Amino acid sequence: DAGVTQSPTHLIKTRGQQVTLRCSPISGHKSVSWYQQVLGQGPQFIFQYYEKEERGRGNFPDRFSARQFPNYSSELNVNALLLGDSALYLCASRYRDYNSPLHFGNGTRLTVT
Amino acid sequence: DQQVKQNSPSLSVQEGRISILNCDYTNSMFDYFLWYKKYPAEGPTFLISISSIKDKNEDGRFTVFLNKSAKHLSLHIVPSQPGDSAVYFCAASATDFNKFYFGSGTKLNVKP
């Protein structure tokens with residue numbers, strides 16, 4: 001079975017631009033979460049969606065938005081990019097919302113210049 | 001606020017010996033804990049979990065211990081192998097939370 005897939009793998013953008021990152025969860029997983037990981041730190045929570053509804057939002061500005069589609073895939077959008085948005089963006093899916101581990105994709109490496 | 005802490009940025013162990021990675025947390029509501037391994041250019045890979053109703057969980061060479069009174073968990077790898085060399089993250093959540101809190105990671109180097 002395919003794991004969590006993310007696209008693109010790498011992206012270079014200029015300050016002020018907008019970016020869309022995509023994620024397909026493991027088949028049968030209805031929960032998708034997005035995390036940001038900067039060098040030397042652990043992943044930081046951005047969003048969680050379950051059955052197409054936003055269930056949680058981390059401490060990120062409104063420039064960050066996301067959505068989940070009927071097939072449970074998800075997109076993360078970041079507007080007005082800043083240099084500090086450069087990071088590894090990880091998508092994770094989960095079988096259920098309790099006592100169930102997150103399964104991560106390989107991430108999208110975003111570089112903002 | 002950093003609710004999950006891994007105070008050792010790195011650990012070096014000889015092949016065949018035990019690796020012990022530690023993690024401390026501050027939120028007493030946390031009731032579900034995970035360990036992940038991460039290689040460069042890959043996403044974190046789930047290793048093992050433990051819920052707060054247990055104090056130990058084993059899966060092959062990996063054992064996780066939970067000390068709720070001390071708000072401490074540890075991952076034991078026995079025997080350690082060179083392929084275990086990676087960054088290890090602990091993570092914690094609670095039933096009513098929609099997110100996991102991650103530590104900053106410990107880089108394990110297993111020397112042949």
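The values are calculated or read from the model by the stated rules, or taken from the named source; none is laboratory data. Note that this is a predicted model, so its numbers are computed, not measured. Here the Cβ positions follow ideal geometry from the backbone for every residue, glycine too, while neighbour counts run over all protein chains shown. Just so you know, the surface numbers come from the protein's heavy atoms only, side chains and all, with ligands and any DNA or RNA stripped out. Shrake-Rupley method; radii C 1.70, N 1.55, O 1.52, S 1.80 Å.
Every listed requirement among (1) in a strand (DSSP E or B); (2) farther than 25 Å from B:Trp35 by Cβ is met by A:Pro61 save one, (1). Going by the structure shown, is B:Leu34 of a type in the set (A, V, I, L, M, F, W, C), facing chain A (nearest Cβ under 9 Å) and open to solvent by less than 70 Å² (accessible area, probe 1.4 Å)? Criteria met by B:Leu34.
Here no strands (runs of 3 or more DSSP E) wholly within segment A:1-57 include at least 3 residues being among the hydroxyl-bearing types (Ser, Thr, Tyr) and surrounded by fewer than 17 Cβ atoms within 10 Å (Cβ to Cβ). Of the residues making up segment B:37-56, just one is loosely packed, with under 13 Cβ neighbours inside 10 Å and either touching a Lys or Arg at 6+ places or on another chain (Cβ under 6 Å) or in a strand (DSSP E or B) (or both), namely B:Lys56.
Screening B:Asn98 on (1) touching a Pro at 6+ places or on another chain (Cβ under 9 Å); (2) open to solvent by 20 Å² or more (accessible area, probe 1.4 Å) shows it passes everything except condition (1). Here B:Leu75 does not qualify as open to solvent by less than 10 Å² (accessible area, probe 1.4 Å), part of a strand (DSSP E or B) and either at the interface with chain A (Cβ under 9 Å from one of its Cβ atoms) or without any contact (Cβ under 8 Å) to a residue 12 or more places away in the chain (or both). Taking every residue in segment A:89-113 that is at the interface with another protein chain (Cβ under 7 Å from one of its Cβ atoms) and of a type in the set (Gly, Ala, Ser) and pairing it with any residue that is in a strand (DSSP E or B) and open to solvent by 10 Å² or more (accessible area, probe 1.4 Å), at least 6 positions away or on another chain, the pairs with Cβ-Cβ distances below 9 Å are A:Gly105/A:Thr5; A:Gly105/A:Gln6; A:Gly105/A:Ser24; A:Gly107/A:Gln6; A:Gly107/A:Gln37; A:Gly107/A:Leu88. Among the residues of segment A:12-46, the ones that are within 16 Å of B:Ala41 (Cα to Cα), hydrophobic (A, V, I, L, M, F, W, C) and within 14 Å of the chain's Cα centre (by Cα) come to 1 in all.
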